[in-house]
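The block underneath contains the structure these notes are about, expressed in structure tokens.
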């Protein structure tokens with residue numbers, strides 16, 4: 001079978017595991033890498049302050065097992081956004097970014113996924129948009145100095161709901177270390193033309209999130225997580241056909257939130273097999 005790179009989101013794995021146990025499980029189940037979560041909780045933000053010994057041990061475990069943490073989901077900026085009206089919050093956003101880039105350098109993480117929110121818990125206005133633009137310019141310059149990729153996720157809010165919307169920021173930032181991380185679920189839920197969006201984004205796509213969603217309608221705000229594969233609005237076979245036509249050769253990341261599931265191993269195996277079957281039906285991969 002043609003080899004395709006498929007990683008797994010950390011929050012799909014049992015939460016009570018050590019990092020070595022996570023790596024061992026990922027290897028056992030046949031996934032290629034883990035995407036670490038640095039979310040808005042104090043617990044996961046604290047990882048940005050890991051000491052040198054902790055970083056060295058994790059790196060040694062990755063080398064020993066042959067499984068790496070290849071990407072980082074840096075959603076902590078939802079709580080501390082670059083676009084905040086509060087200048088202290090904007091300072092914290094930069095500090096989080098600095099620490100995340102250093103952690104990426106230390107662990108060999110190549111790709112930091114940025115949340116495409118100017119603000120999340122505040123009202124958006126012309127000031128939040130301007131602050132966000134300034135933040136993206138600053139962050140991309142810092143990332144370039146360290147040769148770490150920043151990739152903006154297509155989100156669950158309208159602000160960054162398409163690759164077309166992200167392209168406005170790509171033109172502004174104009175930096176090869178500032179790319180896009182589309183989510184087939186989010187793109188589909190917002191009713192985008194998937195073929196056109198992927199075509200526009202292809203030169204800048206660093207990886208693709210795989211999850212199912214329920215579509216946004218005039219009477220329903222959509223559902224952007226915890227939708228079982230095959231029950232939502234995403235036409236995975238068609239999406240993989242499009243990606244084959246575009247000659248996409250990059251990585252995929254299965255995004256699930258099953259860390260508290262009673263049978264996480266079973267769900268992880270089933271998810272990967274289901275995705276591979278959709279790829280086969282689309283002839284994206286062959287036996």
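The values are calculated or read from the model by the stated rules, or taken from the named source; none is laboratory data. Remember, predicted model here, so these are calculated numbers, not experimental data. Every residue, glycine as well, gets a Cβ built from its backbone with ideal geometry; the counts of neighbours run over all protein chains shown.
Details
- From the options 30, 76, residue that is touching a residue at least 12 places away in the same chain (Cβ under 8 Å) and exposed (fewer than 15 other Cβ atoms within 10 Å of the Cβ): 30
- For region 211-227, the criterion of being under 14 Å from the mean Cα position of the chain (by Cα), buried (at least 18 other Cβ atoms within 10 Å of the Cβ), closer than 23 Å to residue 35 by Cβ and free of Cβ contacts under 8 Å to residues at least 60 places away in the same chain is met by at least one residue.
- Checked against (1) in contact (Cβ under 8 Å) with a residue 12 or more places away in the chain; (2) in contact with a strand residue (DSSP E or B) (Cβ under 8 Å, 6 or more places away or on another chain), residue 258 passes all but condition (2).
- Any hit, region 111-127, residues being over 17 Å from the mean Cα position of the chain (by Cα), at pLDDT 95 or above, part of a helix (DSSP H, G or I) and under 27 Å from residue 249 (Cα atoms): no
- Any hit, region 154-177, residues being closer than 21 Å to residue 7 by Cβ, out of contact with any helix residue (DSSP H, G or I) (no Cβ under 9 Å at 6 or more places or on another chain) and modelled with pLDDT of 95 or more: no
- Conditions (1) in a loop (DSSP other than H, G, I, E, B); (2) more than 18 Å from residue 152 (Cα to Cα): number failed by residue 175: (2)
- In region 50-73, the residues that are free of Cβ contacts under 8 Å to residues at least 60 places away in the same chain and closer than 23 Å to residue 159 by Cβ: 72
- For region 151-172, the criterion of a residue being exposed (fewer than 15 other Cβ atoms within 10 Å of the Cβ) and in a loop (DSSP other than H, G, I, E, B) is satisfied by no position.
- A search for C-beta distances below 8 Å between a residue of region 123-134 that is at negative phi and any residue that is surrounded by 12 or more Cβ atoms within 10 Å (Cβ to Cβ) and in a helix (DSSP H, G or I), counting only pairs 6+ apart in sequence or on different chains, returns 124/159; 131/90; 133/169; 133/172.
- Residues of region 139-148 that turn out to be in contact with a helix residue (DSSP H, G or I) (Cβ under 7 Å, 6 or more places away or on another chain) and either surrounded by fewer than 21 Cβ atoms within 10 Å (Cβ to Cβ) or on the phi > 0 side of the Ramachandran plot (or both), as a count: 3
- Of the criteria (1) surrounded by 14 or more Cβ atoms within 10 Å (Cβ to Cβ); (2) free of Cβ contacts under 8 Å to residues at least 12 places away in the same chain; (3) under 21 Å from the mean Cα position of the chain (by Cα), which one residue 193 fails: (1)
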